[in-house]
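Enquirer: Next up is a structure, given as structure tokens.
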Amino acid sequence: MKPIALTGIKPTGKPHIGNYLGMYRPALDLMENYQGMYFVADLHALTTMHDAATLKDLVYEVAASWLALGLDPDEAIFFRQSDIPEIPEFTWIMSCFTSKGLLNRAHAYKDAVDKNLELNRDPDEGINAGLFYYPVLMAADILLYGSDVVPVGLDQKQHIEITRDIAEAFNRTYGDVLKVPEGLIQESVMKVPGIDGRKMSKSYDNTIPIFAPEKKLRKQVMRIVTDSKRPEDPKDPDDDNLFALLRFFASPERLEEIRELYVGGGAAYGELKKELASLILEHFADARVKFDNLIQNKDYLDKVLLEGAQKARAMGKPYLQAARKATGLD
Ligand code: ADP
Ligand code: TRP
């Protein structure tokens, strides 16, 4: 069997081109050499998303996105995290090999604490224990199936390091039970900028959603923040988020032309934004049609996810059993 590439995406917002370039596409490309295991991380989403109907809708949106973007459920093992009852048990076992200090230093938790301290609040105010435990749950996701590589964006690097730490701590105690995974960080697309120049992220409300209606998608592209230079003014393409986004979608020849327009004068932001919107719509034309069909067909999505969960559980059971045996629980 091929080595396993595993990754998850939280259903906390509509999939955007940062997710696509940083995660979906590299993950799907890996299928050539790896057994892909891709899942909708709804248990992770629950740390922040407390509206039941929205969570349910977003699980379907993310599932439909994977399939629309080319995931073949006969090839990849594709499932919903909460359909794997082994996960909570494995998470608990992993937590007993996780140093609490490591979790104190995890970025998401530390940022939340720092924010409270800035506001002179109790350090843990408003922070649920699920957020604190987030990295352990993610380690369980990865370690349960003996994953070899984990394709993610740069922001997840620390979580992979924590996962490796947990696996090594477990193995130091009991011998070689768990596979220590490698992160696969996409260097070239480490950080896709959002329309405001910060990292494109659902949490910043600065995304270009892949499957939004055309009008909405175009409108969002037109909102890309640029400086106030006139078309004829020379501009620095390497210090401009419109150009940074064009890089991902324009052909190399066209990109070179645009670069020359920036440097020599003649690049009109409004026109280039229209061009970018058209390039994005063209790039995702087939996927957008597929998505619209899939999202109407929830029974099909449920069926695909459940079948995937059966396969994932079969992959996970030997590792859970080995961990139970090693620890003396079995
Ligand atoms: P968001 O930041 O929008 O909440 P997630 O945290 O759910 O996105 O990320 C899902 C996956 O997409 C992760 O592997 C993450 O590293 C990747 N990703 C998210 N935003 C970007 C981005 N702007 N550039 C590159 N990869 C990204
Ligand atoms: N934490 C990841 C994110 O925010 C999602 C995730 C959950 C994940 N479990 C995972 C990614 C396991 C890779 C492997 O994007």
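Enquirer: Provide the gained length on full extension for the span ARG172 to ARG121, in nm with one decimal, where the gain is 0.36 nm per separating residue minus the Cα-Cα distance.
Expert: 14.4 nm
Enquirer: Separate question: Using +1 at the Cβ of each Lys and Arg and -1 at the Cβ of each Asp and Glu in the chain, identify which of GLY316, ASN241, ILE208 lies farthest towards the dipole's positive end.
Expert: GLY316
Enquirer: Placing +1 on the Cβ of each Lys and Arg and -1 on the Cβ of each Asp and Glu in the chain, which of LEU119, PHE284, GLY197 has its Cα farthest towards the positive end of the resulting dipole?
Expert: LEU119
Enquirer: Distance check, please: which entries in LYS273/LYS303; LYS199/LYS303; LYS191/LYS235; LYS202/LYS229; LYS235/LYS290; LYS219/LYS311 exceed 31 angstrom between their Cα atoms?
Expert: LYS273/LYS303; LYS199/LYS303; LYS235/LYS290; LYS219/LYS311
Enquirer: Restricting attention to region 229-330, which GluC sites (Glu not before Pro) occupy a DSSP loop and are surrounded by at most 12 other Cβ atoms within 10 Å?
Expert: Working: sites: GLU232, GLU253, GLU256, GLU257, GLU260, GLU271, GLU275, GLU282, GLU307; in loops: GLU232.
The qualifying sites are GLU232.
Enquirer: Which listed residue (PRO88, TYR262, ALA106) has the Cα farthest towards the positive end of the charge dipole for the chain, taking +1 on Lys and Arg C-beta and -1 on Asp and Glu C-beta about the Cα centre?
Expert: Value: PRO88.
Enquirer: What are the residues whose amide H is under 5 Å from the amide H of ILE77, where those residues sit 5 or more places off or on another chain and H is modelled from the backbone?
Expert: So ILE77 has HN proximity to GLY36, MET37, TYR38.
Enquirer: Related question: Cα to Cα, under 16 Å, and not fewer than 8 places away if on the same chain: which lysines meet these conditions relative to LYS110?
Expert: LYS100, LYS157
Enquirer: Then there's this: So, with +1 on the Cβ of K and R and -1 on the Cβ of D and E, and no other charges, what is the size of the charge dipole of region 212-283 about its Cα centre, to the nearest 20 debye?
Expert: On the way: 13 positive and 15 negative charges, 118 e Å.
About 560 debye.
Enquirer: To continue, here is another question. Please get the size of the charge dipole for region 214-330, origin at its Cα centre, with Cβ charges of +1 on Lys and Arg and -1 on Asp and Glu, quoted in debye to the nearest 20.
Expert: 960 debye
Enquirer: Follow-up question, since we're still on this one. From Cα pairs below 8 angstrom and at least 6 apart in sequence, can you work out the relative contact order of region 100-228, rounded to a whole percent?
Expert: 18 percent
Enquirer: Right, here's the next one. Please compute one quarter of the surface area of the Cα convex hull for region 186-248 and express it in square nanometres.
Expert: 5.1 nm²
Enquirer: Let me ask something additional. Can you give the longest run of the chain that contains no trypsin sites (Lys or Arg not before Pro) sitting in a DSSP loop with at most 14 other Cβ atoms inside 10 Å?
Expert: That gives 224-330 as the longest site-free run.
Enquirer: Continuing with the same structure: Once you keep just the Cα pairs under 8 angstrom separated by 6 or more residues, what percentage relative contact order results for the chain? Don't jump to the answer; show the numbers that get you there.
Expert: Working: 480 pairs, mean separation 73.9, N = 330.
Answer for the chain is 22 percent.
Enquirer: Rounded to the nearest 500, what is the 222 nm mean residue ellipticity of the chain from helices alone, with -39500 (n - 2.57) per DSSP H run of 4+ residues and division by all residues?
Expert: -16500 deg cm²/dmol
Enquirer: What do you get for GluC sites (Glu not before Pro) in region 144-226 restricted to DSSP loop and a cutoff of at most 13 other Cβ within 10 Å of the site's Cβ?
Expert: On the way: sites: GLU161, GLU168, GLU182, GLU187, GLU214; in loops: GLU187.
Qualifying residues, ordered by number: GLU187.
Enquirer: Just how large is the dipole of the chain about the Cα centre, in debye to the nearest 20, putting +1 at every Lys and Arg Cβ and -1 at every Asp and Glu Cβ? Write down the numbers at each step before the final one.
Expert: On the way: 41 positive and 50 negative charges, 106 e Å.
My answer is approximately 500 debye.
Enquirer: Please report the antiparallel percentage of the DSSP beta bridges confined to the chain, to the nearest 5.
Expert: Details: 2 of 17 bridges.
Among the beta bridges of the chain, antiparallel pairing accounts for roughly 10 percent.
Enquirer: Over the chain, consider all pairs of different Cα atoms and compute the Kirkwood hydrodynamic radius from their mean reciprocal separation; express it in Å, one decimal. Walk me through the intermediate numbers first.
Expert: On the way: mean 1/r = 0.0468 Å⁻¹.
Averaging 1/r across every pair of different Cα atoms and inverting gives 21.4 Å.
Enquirer: Relative contact order, percent, of region 212-283 when contacts are C-alpha pairs under 8 Å separated by at least 6 residues?
Expert: With pairs under 8 Å counted, the relative contact order is 43 percent.
Enquirer: Taking amide hydrogens as modeled 1.01 Å from N in the peptide plane, which residues meet the under 5 Å criterion relative to LYS199, leaving out close sequence neighbours?
Expert: Those lying under 5 Å, H to H, from LYS199 are GLY194.
Enquirer: If you line up the Cα atoms of region 212-283 on their principal axes, what length do they span on each, largest first, in Å?
Expert: Ordered largest first, region 212-283 gives principal extents of 35, 26, 16 Å.
Just so you know, all these numbers are worked out from the coordinates, no wet-lab data involved. Just so it is clear, the model here is predicted, and its values are computed rather than measured. Cβ atoms come from the backbone with ideal geometry, glycine included; neighbour counts cover every protein chain shown.
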